[in-house]
Amino acid sequence: MKLRHKIIVAAAFLLFGAVMEGQQANLREAAHGVDEHYNHLKTFKAAFTEIYQGDGISRTESGTLWLKKPGRMRWEYHVPREKLFLIDSQNAYFYISGDRQAKKTPVKNLDDIRSPLRYLLGKTRLEKELEGLSLAPDLTPLQPGDIVLRGVPKAMKDQLSEVVLEVSPAHQIHRIVLHGADSTVTDFRFSQIEENVPVQDALFRFIPPPGVEIFEESQVAQ
């Protein structure tokens, strides 16, 4: 019985090792695929839904997102109200339709969880940027066939405790869930994705509506 027990234990360890090795290979393949996909994009357009939960608040908004190298982004919110969050090469702007002021801050001072997403069209390296990057088999993807990854963003560890990415077989990111250090959760879901489509530079220049003053502050946040 002792010999049989030892054989069973040894077989279990071998099986566990093979499973772990297979998971690591799948993780590396997924991370590398995402890196290669986004590092070769010039522009990106998608419909987005943003779901925020925390501090007794639950909020769902939606609109259109544009990204363009280098580091430019435009979030147009349409539901439930019109507002704009825009980053050009140097500054970020936030404007709510109907307000008499638009906020402006230098990108280097920006403290906003949406801002790192502009680096999707850059030198992305998930395994370098997300500490403890791993597969998340305990989380069910929204779209069948997708896989789910999780990790801790090294550059935002003071703000975020975890980032969850849902990735398609074509290495497109369909969902990004940001778990805040303050227990808030912001869930970005992307659909109607268009890549390397013509996007004019003018889309990333903020022109205030007539009568709207630009107010400069140290930080812009939603």
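What to note about this one:
- Take 141-152, 156-167 and order them by the average number of nearby Cβ atoms within 10 Å per residue, most first; the result is 156-167, 141-152.
- Separation of the Arg28 and His78 label points, Cα + 7 Å toward Cβ, nm: 4.4 nm
- Rg/Rg_ref, the range 52-201, where Rg_ref = 2.2 N^0.38 Å and atoms are Cα: 1.07
- Summed side-chain charge close to Tyr77 - residues other than Tyr77 whose Cβ falls under 12 Å, Lys, Arg +1, Asp, Glu -1: +1
- Subtracting the Cα-Cα distance of Gln200 and Gln53 from 0.36 nm times their residue separation leaves 49.5 nm of extension gain.
- Protection-proxy order for peptides 108-114, 28-34, each taking the mean of Cβ atoms within 10 Å per residue, highest first: 28-34, 108-114
- Simple label model, 7 Å out from Cα along Cβ direction - Asn39 to Gln192, nm: 3.2 nm
- Extension gain for Lys128-Asp158 works out to 9.1 nm (0.36 nm per residue, less the C-alpha to C-alpha distance).
- Once C-alpha pairs closer than 8 Å and six or more residues apart are averaged by separation and normalised to the residue number of the range 118-202, the relative contact order reads 17 percent.
- Peptide ranges 80-92, 64-76 listed from the most packed, as the mean C-beta count within 10 angstrom indicates: 64-76, 80-92
Any read-out appearing in this document is the output of simple, stated calculations on the displayed coordinates, not a laboratory observation. Small disclaimer: the values here were computed from a predicted structure and weren't measured. As a convention, Cβ positions derive from the backbone with ideal geometry for all residues, glycine included, and neighbour counts pool all protein chains shown.
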